[in-house]
Amino acid sequence: SLLRDGTSVVIDPCGPGDADDLAVLIDRLGPESRRLRFHSAGVRITPQHLVGGEETRAICARVRGELVGIASYTPLQEEGVAEMAVAVADDAQTRGLGTVLFERLADLARAEGIGRLLAVVMAENRGMLELLTGLGFATRRVAGRGEVEVHVDITRGTSFAGWVAALDRRRHAATAFSLQPLFE
């Protein structure tokens, strides 16, 4: 996959064998990123928290072999619904990595019968809220005390065409950017 700036990123499943790399990723998250991503648990987060339990599916993003992001989902009791999360190293943010991770996570979730992903986002985490609503999928927000539940419909229903169009625009821009050095 390509990031917004044309950088190539490799997305693979991750698990307990990635613990050392995940510890480095956690260290690369500044205090504000930890708080926005992990809420009050941010100061005590461990690689095991990122990978989750047995039912959690996690994917890791690597740029030039270095782990720079992770996305995961855990199925909830409500059938076809999973809670999802994304963490991206501070120095890798704003390049489209969170979007690429979400796209891959949505593909994986759909293949496993998940039709809706739920993200519990701190109300002040504008970056994640913009990512979730800018994907092209239908979303529904439910505001709570300092948090927003964002329900993202990832089924191939009516919002799927919007997602495909948005995906095509993102991929076109990344491909064009990656070819720019060749033409220069």
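Here the condition is being open to solvent by 60 Å² or more (accessible area, probe 1.4 Å) and modelled with pLDDT of 90 or more; of LEU76, LEU118, LEU101, it holds for LEU76 alone.
Would you check if ILE59 is β-branched (Val, Ile, Thr) and either in a loop (DSSP other than H, G, I, E, B) or crowded, with 22+ Cβ neighbours inside 10 Å (or both)? Criteria not met by ILE59.
Restricting segment 111-146 to residues that are assigned to a loop (DSSP other than H, G, I, E, B) and touching a residue at least 60 places away in the same chain (Cβ under 8 Å), the residue that is nearest to THR7 (Cα to Cα) is ASN125.
Look at segment 91-110: where a residue is more than 23 Å from ARG28 (Cα to Cα) and a partner is part of a loop (DSSP other than H, G, I, E, B), sitting 6+ places away or on another chain with Cβ atoms under 6 Å, you get ALA106/ILE154; ARG110/ILE154. For segment 1-39, the tally of residues that are assigned to a loop (DSSP other than H, G, I, E, B) and at pLDDT below 90 stands at 9.
Here is a yes/no grid of residues against (1) modelled with pLDDT of 95 or more; (2) surrounded by fewer than 20 Cβ atoms within 10 Å (Cβ to Cβ):
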site: PRO47; (1), (2): no, yes
site: ALA92; (1), (2): no, no
site: GLY96; (1), (2): no, no
site: ALA109; (1), (2): yes, no
site: GLU124; (1), (2): no, yes
site: GLY136; (1), (2): no, yes
site: GLY144; (1), (2): no, yes
site: ASP153; (1), (2): no, yes
site: ARG156; (1), (2): no, yes
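Per-residue answers, yes or no, for (1) surrounded by fewer than 20 Cβ atoms within 10 Å (Cβ to Cβ); (2) within 18 Å of ALA109 (Cα to Cα):
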site	(1), (2)
LEU22	no, no
LEU50	no, yes
VAL63	yes, no
ILE70	no, yes
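The values are calculated or read from the model by the stated rules, or taken from the named source; none is laboratory data. Remember, predicted model here, so these are calculated numbers, not experimental data. Counting neighbours? That spans all protein chains shown, and the Cβs are built from the backbone with ideal geometry, glycine included. Calculation scope for accessible area: heavy atoms of the full protein, side chains included, ligands and nucleic acids excluded. Shrake-Rupley method; radii C 1.70, N 1.55, O 1.52, S 1.80 Å.
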